[in-house]
1. So, in segment 78-106, how many residues would count as being touching a residue at least 60 places away in the same chain (Cβ under 8 Å) and more than 18 Å from the chain's Cα centre (by Cα)?
2. Which members of segment 190-204 meet the condition of being part of a helix (DSSP H, G or I) and within 25 Å of F52 (Cβ to Cβ)?
3. Scan (1) closer than 21 Å to H175 by Cβ; (2) in contact with a Ser or Thr (Cβ under 7 Å, 6 or more places away or on another chain) for the single condition P99 breaks and write down its number.
4. Among the candidates T132, T173, T160, T101, single out the residue that is more than 24 Å from Q188 (Cβ to Cβ) and touching a Pro at 6+ places or on another chain (Cβ under 7 Å).
5. Within segment 173-195, identify whether any single residue is in contact with a Lys or Arg (Cβ under 7 Å, 6 or more places away or on another chain), among the β-branched types (V, I, T) and either over 26 Å from Y72 (Cβ atoms) or loosely packed, with under 12 Cβ neighbours inside 10 Å (or both), and answer yes or no.
6. For segment 42-77, which positions are β-branched (V, I, T) and either touching a Leu at 6+ places or on another chain (Cβ under 6 Å) or surrounded by fewer than 10 Cβ atoms within 10 Å (Cβ to Cβ) (or both)?
7. Of the residues that make up segment 206-215, is at least one closer than 24 Å to A116 by Cβ and surrounded by fewer than 15 Cβ atoms within 10 Å (Cβ to Cβ)?
8. Restricting the first residue to segment 206-218 and requiring it to be touching a residue at least 12 places away in the same chain (Cβ under 8 Å), which pairs with a second residue that is of a type in the set (F, W, Y) and surrounded by 12 or more Cβ atoms within 10 Å (Cβ to Cβ) meet a Cβ separation below 8 Å and a spacing of at least six or different chains?
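Read the figures in this text as sums done on the coordinates, not as results from a lab. Only a predicted model underlies this, so the values are computations on that prediction, with no experimental measurement involved. Neighbour counts run over all protein chains shown; Cβ positions are idealised from the backbone, glycine included.
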Amino acid sequence: MLSAGKQQGQWDQLTNWSNNHSDYTSRSAHHQRGLCGLGRTYTIQGTSFKPFASCLYTHPTIDAVIELRKQYKIAPDAVDTIRCGISKLCMDAANQKNPQTDLSAKFSVSYCAALAMLEGCAGEDLFQDAQTQNPDILDLMKRVEIEEIPDLKDSEAKVTITLQNGQRLRHHTVHALGSPNNPLSDRQLEEKAKTLLEPVFDGKKADAIIDRLWALEKVENISEITSLLSKP
């Protein structure tokens, strides 16, 4: 899907792997590292649940903008600039300057920051081709400034919103919402699930699916769930 959408990754992806990858693939690989914690720790516990429908590396920026918008009750027309300090990986992977499709918008920090300021959210319904031409989003994107901060981790972002009156508001996201260190609440998980289920199932059916999944350990036959997931 990414290829069909003409999304390009880093050219040095195979030659510039992180130390974690080289631990397994280089001549000096530490194969035992792959067995460390076996039976005691589980990778699934480190899973992130994405509350926003964009590249994961844009989430710290979205979080920061939404937090400032909510805390200070900022109206979009009161904004002079939105300065986004992001990690190197975010800059490399998600800095599309002029997104023209829903897919490229998901890899654009500028679009995501503008969207977060305009809507206070960043759900799947807001990443549509037509939205990339929304004049209100385009206007806000002109006021977004992107800066790479070398010492920022991939989970971080530093956002400064300068208002028309000169006031500067700052927020530092350390762990984005939905990450293992800042998990979604049960209610937020349900809301995310409903946004994905309801385009296919009606509200009552979506609620039934979620209720059954919450009681997964009591399910005796997986057909109890798969039957619910069949399309109407």
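1. Number satisfying all stated conditions: 6.
2. Taking segment 190-204 and keeping what is part of a helix (DSSP H, G or I), we get 190-197, 203-204.
Matches in segment 190-204: E190, E191, K192, A193, K194, T195, L196, L197, G203.
3. Exception for P99: condition (1).
4. T132
5. no
6. Narrowing segment 42-77 to residues β-branched (V, I, T): 43-44, 47, 58, 61-62, 65-66, 74.
Matches in segment 42-77: T43, I44.
7. no
8. Within 8 Å, the pairs are I209/F201.
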